[in-house]
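Q: I am attaching a structure below and will ask some questions about it afterwards.
Each reported figure results from applying straightforward, stated rules to the coordinates on display, with no laboratory input. Because the structure is a prediction, the values reported are computed rather than measured. Cβ placement follows ideal geometry from the backbone for every residue including glycine, while neighbour counts extend to all protein chains displayed.
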Amino acid sequence: MNQLDGIRVLVVDDEDELREIFVDEFRSVGAVVFEARQGVEAMEVLRREKIDVVLSDVRMPGGDGISLMKNIDKEIRPKPLMFLCSGFSQHSSDEMKAIGVLEIFGKPFDWDMILSAIQKALNQAS
């Protein structure tokens, strides 16, 4: 049995290669994966599909990750578990927690750390 069997994950990143790496990693652990290039596209997916986990880049044209997380917090129910991935950390963890972001992962990312944090959050949510 894979670690995220059946968990519905949305990966949001404007960098095609990085987004594909995440998509492949999530699929390898059994997740059902959706993808978007930026926040506006991600909101379309979220309105259409029940998503359990969102992993988004912070800086993207056409809808950045912070705005995406704020929009999810305001209008998507049930709210998915939300995580950010960024090479920049000008946002405080308190600020992010206030809008529902569970953790911000740095780039380059550590897949095992991301997977562990998502599993822990899923276990706490169930």
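Q: Tally Lys/Arg at +1 and Asp/Glu at -1 over every other residue whose Cβ is under 11 Å from the Cβ of MET60; what's the total?
A: Within the 11 Å Cβ shell, the charges total -3.
Q: Taking every alpha carbon pair in region 1-52, what does the distance histogram look like in 5 angstrom bins from 0, in percent?
A: 5, 23, 29, 23, 16, 4, 1
Q: At a 10 angstrom cut-off on C-beta neighbours, averaged per residue, how do the peptides 18-26, 65-73 rank from highest to lowest?
A: On the way: 18-26: 17.6, 65-73: 20.6.
The peptides rank, most packed first, as 65-73, 18-26.
Q: How large is the helix-only mean residue ellipticity at 222 nm for the chain, computed as the sum of -39500 (n - 2.57) over DSSP H runs with n ≥ 4, divided by its residue count, in deg cm²/dmol to the nearest 500? Display every interim value, and only then the final one.
A: Numbers: 5 runs with 55 residues, N = 126.
Helix contribution divided over all residues of the chain: -13000 deg cm²/dmol.
Q: Still on this model: At q = 0.17 Å⁻¹, work out log10 I(q)/I(0) for region 71-126 with the Debye formula, treating every Cα as an identical point scatterer and leaving solvent out; two decimals please.
A: At q = 0.17 Å⁻¹ the computed log10 ratios are -0.60.
Q: Hey, could you pull the Cα Rg and Dmax for the chain, both in Å?
A: Rg then Dmax for the chain, in Å: 13.0, 38.
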